[in-house]
Amino acid sequence: MALNGTVVRLHGQHAWIRSDGTEYMCAVRGKFKQGKRKERSPLAVGDLVTFTPLPDGEENEGQLESIEERRTELYRAHPRFPRQRQVLAANIDLLVIVAGADLLSEQLLTVDRLLISAYSQGFIPLIVINKIDVVPRPELEPLLRDFAGVIDIEYVSASNGELGTLKGRFSGKTAVFAGPSGVGKSSIMNALEPGLGLRIGHVDKEGEGRHTTTHASLVPMAGGLVIDTPGVRDFGFWNLELHEISLYYPDWQTAREQCRFNTCTHRHEPGCGVKAAVEAGTISQGRYGRYMTILRESWNEQERLGY
């Protein structure tokens, strides 16, 4: 009899599927390698599937039968095949963007990139600033003024167990944590769910953390689920036209409506409402400058790929 389950782990050509508290190992082969999604792997952690347990299988083996349509997908350009998407996780509700208080000004560009990804891929974004034991919150809030009232922000110290109201945000949701290495993503998850036991990497003298996650996995956390996934350090957005990037700046909506052209990229076009807002001070120079960096990087990437 076929069972319903959730993909909780992938390794090579095998998927581990959890159903009613039991995990089954299923080979990914045949038709599931040639599906309509046109990705290099048809499965992602978080996928909802049906499978049939094998009566003679060892250690709870099963046969994959079908994959349900995904509600959302966390994806990026494939690092080796940039014209293809690489789906990192499926059926995500919440993208938790973590930055470190000690290097916040340097990490705001990454925060902006991840916010574009969250909005363009249909997730609710949440910014979490860790290490407030190193830099107090009053010194951090001016750097985050652009996001205040638009995106929820939590200030925490995982090392001190100061989590504020963060724990209550995960009930009934599937979340994924993203952000630079060394900001304490695994430490926060361990603090939210004692006993989770995620490995924590060291930070070198330059402040660079080492990735400790090598394979994506789905684990329970704080009344919900979290996908602990590698690959989000350079995680960005995929296949956006240049003029579409600013659509995922919700704080710019009023200014965008004043632009003369619907396809305005807010660089050199006349009658640009966004540039006028920057000159008036309603959009900060810092946020606009980071947007221009993202725009240039996207243009360079499209030129490289011949789009």
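Since every read-out is calculated from the coordinates, none of them should be taken as a lab result. The structure presented is a predicted model; accordingly, all values stated were derived computationally and were not measured. Here the Cβ positions follow ideal geometry from the backbone for every residue, glycine too, while neighbour counts run over all protein chains shown.
Across the chain, how many lysine pairs, 8 or more apart or on two chains, come within less than 30 Å at their alpha-carbon atoms?
10
Mind checking the log10 I(q)/I(0) for segment 242-305 at q = 0.25, 0.26 Å⁻¹? Debye, one equal scatterer per Cα, no solvent, two decimals.
-1.11, -1.19
Determine Rg/Rh for the chain; Rg is computed over alpha-carbon atoms and Rh is the Kirkwood hydrodynamic estimate from the same atoms.
My calculation puts Rg/Rh at 1.00.
Tell me the mean residue ellipticity at 222 nm calculated for the chain from its helices only (DSSP H runs of n ≥ 4, each -39500 (n - 2.57), averaged over every residue, nearest 500).
Helix-only estimate at 222 nm: -6000 deg cm²/dmol.
Taking 7 Å along the Cα-to-C-beta vector as the label spot, tell me the R260-E297 distance in nanometres, rounded to one decimal.
Simple spin-label model gives 3.1 nm for this pair.
If I model a spin label at T22 and R304 as a point 7 Å from the Cα along the Cα→Cβ vector, what separation in nanometres do I get?
Once both label points are built, they end up 4.8 nm from each other.
Rank by packing, highest mean first: peptides 238-250, 139-151, with packing defined as the count of other Cβ atoms within 10 Å averaged across residues.
238-250, 139-151
Among 15-28, 173-186, what's the highest-first ranking by average C-beta atoms within 10 angstrom per residue?
With the highest mean Cβ count within 10 Å placed first, the list reads 173-186, 15-28.
Using modelled amide H (1.01 Å from N, peptide plane; none on Pro or chain starts), what sits under 5 Å from the amide H of H14, excluding residues fewer than 5 places away?
Here the answer is V28, since their amide H atoms fall under 5 Å of that of H14.
Take peptides 119-132, 153-166 and line them up by average Cβ neighbours within 10 Å, highest first, as a rough protection proxy.
119-132, 153-166
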